[in-house]
């Protein structure tokens, strides 16, 4: 085999520079990934990202902490299906679900074609909501939220209503969730938590509003059909996310659950609301950073492909034999002039072939 070519030329320098650029790009992508995770680390909600092939990409600490039964297999590249099958085999999840093949296939369908949040009720009373959102390039964002307190407040309200209006008021007056009863867009009950959520000092200020529509951001769409349909007993979604408007005009994200109740002999809507601005901002940041990553990877891939074509063309035009070996003395590339030194030994010119073979 011909001796290793030590010639230094413009094409070699260009390739070396492009290799350095690629290493810098890899480091930049790593930093972006760190930023992606850090964007959600302060949230109590768990965030996980899966690529277009349903392979796990990354997650924040909250999500990782809750995946204790899968900690050893929750690594980048593992598929969502593999994760739920490992979970089924280990059977360590105390959420009352029998994970047979039918259940696995149903969960895969829900994951691949998300239509709304799912809820899991654990033996210890914890209630977890799983929400999956398809984002750019087929990626899936999974948000895992503990809604135990919200459901408890809802259950408390329903139970109190069965007993009496007075009992209802006594039990929910100091609830952490904002609770309001609305009749024809006119608030007829509000607790302290919902007043504070919207920037008012007391529930009486909420009750003094002529319409709850002033609590909605002007940019948020009207939902009269939902309200009327609910009053008519039609099946409409319980949960919604809307932009709310505080007393000072600032906007924030509100997660709300609304359901029909009887209030003083008339139909009314009870709504339980939570400020979800932090979670929404984190999810939006996640989508934004992911889009930036995809754009950079796409642009860099195109640039490298173009550079590779130019470099190979330059090698082919050289009148000297040229070969490039990596730090382990394995062949990276060789031009035709170099191959002529050893006719009939094409197998020695396969990329990765050791120099001393």
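Readers should treat all values here as calculations from the given coordinates under stated rules, not as data from a laboratory. What you see is a predicted model, and the numbers here were worked out from it, not measured in a lab. Every residue, glycine among them, receives a Cβ derived from its backbone with ideal geometry; neighbour counts consider all protein chains shown.
Extension gain, residue 121 to residue 210: 0.36 nm times the residue separation minus the Cα-Cα distance gives 28.2 nm. Once the chain from residue 64 to residue 103 is taken as fully extended at 0.36 nm per residue, the excess over their C-alpha distance is 11.7 nm.
Counting every other Cβ atom within 10 Å of each residue's Cβ, 67, 197 order from fewest to most as 67, 197. Ordering 290, 111 by the number of other Cβ atoms within 10 Å of each residue's own Cβ, fewest first, gives 111, 290.
When you count the other C-beta atoms within 10 angstrom of each residue and take the mean per peptide, 261-271, 179-189 line up highest first as 179-189, 261-271. Each peptide in 73-81, 57-65 gets a packing score, the mean of other Cβ atoms within 10 Å over its residues, and the list from highest to lowest is 57-65, 73-81. Based on the alpha-carbon gyration tensor of the range 44-146 and its eigenvalue square roots a ≥ b ≥ c, which shape applies: rounded if a/c is under 1.5, prolate if not and a/b is larger than b/c, or oblate? Rounded. Calculated FRET efficiency, residue 44 to residue 240, Cβ-Cβ distance, R0 = 25 Å: about 0.75 to the nearest 0.05.
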